[in-house]
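Structure first, commentary second.
The values are calculated or read from the model by the stated rules, or taken from the named source; none is laboratory data. Treat the numbers as computed from the prediction; the structure is a model and nothing was measured. Cβ placement follows ideal geometry from the backbone for every residue including glycine, while neighbour counts extend to all protein chains displayed. All accessible areas refer to the heavy atoms of the entire protein, side chains included, with ligands and DNA or RNA removed. Shrake-Rupley method; radii C 1.70, N 1.55, O 1.52, S 1.80 Å.
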Amino acid sequence: MTPKSEIFTVAVAGFGWWGRHIVKRLKDIEEINVIVVIEPFEGNHDDIRAEGPEPISTFDDVLSRPEIDAVILTTPNTVHEEQVTKCAAAGKHVFCEKPLGLTGASARRSVEACIAAGVTLGMGHERRFEPGLEALKEAIDKGELGTIMHAEAAFSHDKLIGVPAGDWRTSKEVCPAAGMTAMGIHLTDLLISYFGRVKTVQAMTARRALDWETGDLVTVQLGFEAGMTATLSAVLYTPHFIRMHVFGTDKWIEVRNDTHPDTPGGKVSYVEAVTGQDHKETTFEWTDAVVANLSSFREACLGIKPYRFSHEEMIHNIEVLEAIAQSAEERETVHL
C-alpha cells in the first residue's frame with residue numbers, strides 16, 4: 001500500500017482523445033489519483049463520472065483546491081502557456097502535453113513561471129521512457145557508436161484521419177507544420193536529448209490526402225551544433241510507422257516500434273550493426289511509457305529524484321518547432 005503522504009492527487013484538463021487516454025491509463029495506478037477532470041463540454045461529463053473522477057467545467061475552479069497537487073494539461077496548443085502560468089501562480093505542479101508552446105518565447109515564459117513559483121514542470125514526451133530508446137541513448141552516451149554521423153527518424157500513423165473538418169488539429173495557427181505538433185515534436189525532443197542544440201533547420205510540408213490547412217506530412221533536415229545531421233518525417237495518413245536510426249563510425253543502431261505508445265502489446269526491434277559482423281537484434285516488449293513519464297514527474301514533484309528533462313531542452317524543442325514552421329512556410333533554411 002502506498003503511504004498516504006506519497007499519493008499524488010491530480011486534475012486532468014481536457015477530455016478529448018488524449019485526456020481520455022491519460023485518465024484510463026492512470027485508473028489503476030495507485031500512487032497517482034485523478035480526482036477531477038476539467039471539461040467545458042458538459043456532454044462529456046457522464047463519461048468522466050463513469051471513469052471515476054469528478055467533472056468540472058471551469059479551469060480556474062480547480063486551482064484553489066488544496067488537495068490537488070498537480071494539473072495535467074491535455075488541452076489545445078494555444079492555451080498551454082496561459083494554463084501553465086496559472087497553475088504555477090496557484091502553486092500547482094503542472095504536466096503539459098506537447099507542445100509546451102508554439103514559440104520559443106512562449107515556452108520560456110512557461111518555464112520561468114514554474115521556476116519562480118518553485119513548482120515542477122513535466123512534459124508529455126513519453127518516448128524518452130521507452131526501453132529501446134533508453135538503450136539507444138545509453139549506447140550514444142557511452143560512445144559505442146563512435147563518431148555520430150547522422151540520424152533518421154519517423155513517426156507516422158493514421159489515427160487522426162477521422163478528425164472532423166475545422167477541428168483545431170487541422171489549423172496551421174494551432175498545429176503548425178502538419179504532423180509536427182502531433183508526432184514530429186517527439187522526434188525533435190529525442191534528437192535534442194541525444195545530440196544537443198540544433199543549429200540549422202530546413203523543412204517542407206505538403207497536403208496530399210487530408211484537406212487540412214496545416215498539411216498532412218512534414219519532412220525536416222536538421223544540423224546540430226555538435227556537427228551531426230538528422231532527417232525526420234511525420235505523415236498523418238499512412239499505416240503506423242515509428243523508427244529511430246542513428247549512424248556512427250563504429251556502429252549503427254535502429255529502433256523500430258510495432259505499435260503506437262498508446263497501444264499495448266507491440267514489440268520493439270533493436271538492431272545493431274558493426275562492419276564485418278552479423279546484425280544483432282534484440283526485442284523489447286511494450287511498456288507503458290506514458291505512465292512511466294507521469295510516474296517520473298510525480299517523483300520529481302515529491303523530491304524523490306530529478307526529472308529527465310532539462311528546462312533548456314524543453315525550451316529549445318519549441319525553438320526548433322518554431323523554426324520548422326518558419327522554414328516550411330518560407331521554403332528557406334532557418335539558422336538558430
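I'd like the full set of residues that are open to solvent by 70 Å² or more (accessible area, probe 1.4 Å) and either assigned to a helix (DSSP H, G or I) or β-branched (Val, Ile, Thr) (or both), limited to segment 141-180. Asp141, Thr147, Trp168, listed by residue number. Looking only at residues of segment 88-140 that are in a helix (DSSP H, G or I) and among the polar types (S, T, N, Q), we find that the one that is nearest to Phe309 (Cα to Cα) is Ser110.
The residue that is least open to solvent (accessible area, probe 1.4 Å), counting only those in segment 181-222 that are of a type in the set (A, V, I, L, M) and part of a loop (DSSP other than H, G, I, E, B), is Met183. Among the numbered conditions (1) among the polar types (S, T, N, Q); (2) crowded, with 17+ Cβ neighbours inside 10 Å; (3) farther than 22 Å from His150 by Cα, the only one that Ser327 does not meet is (3).
Just to verify a result, which residue in segment 80-125, among those that are within 16 Å of Val12 (Cβ to Cβ) and charged (D, E, K, R), is nearest to the chain's Cα centre (by Cα)? Restricting to residues being within 16 Å of Val12 (Cβ to Cβ) and charged (D, E, K, R), the top hit is Lys98.
Annotation note: of Ile56, Ile35, Ile22, the sole residue that is at pLDDT 95 or above and surrounded by 21 or more Cβ atoms within 10 Å (Cβ to Cβ) is Ile22.
Is segment 256-271 home to any residue that is without any contact (Cβ under 8 Å) to a residue 24 or more places away in the chain, basic (Lys, Arg), surrounded by 16 or more Cβ atoms within 10 Å (Cβ to Cβ) and outside any loop (DSSP other than H, G, I, E, B)? Yes, there is a match, as at least one residue in segment 256-271 is without any contact (Cβ under 8 Å) to a residue 24 or more places away in the chain, basic (Lys, Arg), surrounded by 16 or more Cβ atoms within 10 Å (Cβ to Cβ) and outside any loop (DSSP other than H, G, I, E, B). Restricting Arg128, Arg109 to those that are touching a Phe, Trp or Tyr at 6+ places or on another chain (Cβ under 9 Å) and either of a type in the set (Lys, Arg) or within 15 Å of Thr85 (Cα to Cα) (or both) reduces the list to Arg128.
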